[in-house]
1. What whole-number value in cubic angstrom gives the convex hull volume per residue for the C-alpha atoms of the chain?
2. Can you give the local net charge around L40? Use residues other than it whose beta-carbon is closer than 14 angstrom to its beta-carbon, Lys and Arg +1, Asp and Glu -1.
3. Count the net charge of all other residues whose Cβ sits under 12 Å from the Cβ of S6, scoring Lys and Arg as +1 and Asp and Glu as -1.
4. Between S52 and E16, take the C-beta separation as r, use R0 = 35 Å, and let me know the FRET efficiency to the nearest 0.05.
5. Roughly how many debye, to the nearest 20, is the charge dipole of the chain about its Cα centre, given +1 on each Lys and Arg Cβ, -1 on each Asp and Glu Cβ, and no other charges?
6. For the chain, with every protein chain kept in place, what is the accessible area per residue (1.4 Å probe, Å²)?
7. For n ≥ 4 DSSP H runs only, could you compute -39500 (n - 2.57) per run for the chain, divide by its residues and tell me the 222 nm figure to the nearest 500?
8. What is the sum of charges, Lys and Arg at +1 and Asp and Glu at -1, for the other residues whose Cβ falls under 9 Å from the Cβ of P23?
Amino acid sequence: MKRTLSALDKIQDRLEKELDSSPAMSEKDAGYRSGISEALVCVMEMRRSLTS
């Protein structure tokens with residue numbers, strides 16, 4: 001369980017860094033950022049479901 005939570009934390013960190021480093025300059029960039037945001041929400045929900 002600890003390894004799973006650690007992996008989710010690492011994934012969340014990477015997604016947050018990617019989101020912070022990629023400005024939405026075009027519609028394509030906005031779509032990319034939207035996808036990252038969705039993935040981030042999924043990771044957060046998975047972590048929450050494992051810890052509750």
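1. Considering the Cα atoms of the chain, their hull volume per residue is 51 Å³.
2. Charge balance near L40 sits at -1.
3. Counting the neighbours of S6, the net charge comes to +2.
4. Plugging the Cβ-Cβ distance into 1/(1 + (r/R0)^6) gives 0.95.
5. So the dipole magnitude of the chain works out to roughly 340 debye.
6. I get 80 Å² per residue for the chain.
7. Estimated from H runs of four or more residues: -30500 deg cm²/dmol.
8. Residues near P23 contribute 0 overall.
The values are calculated or read from the model by the stated rules, or taken from the named source; none is laboratory data. Every value quoted in this text rests on a predicted model; they were computed, and no experiment measured them. Counting neighbours? That spans all protein chains shown, and the Cβs are built from the backbone with ideal geometry, glycine included. The protein model used for the area step is the full one, side chains on, heavy atoms only, and it has no ligands, DNA or RNA in it. Shrake-Rupley method; radii C 1.70, N 1.55, O 1.52, S 1.80 Å.
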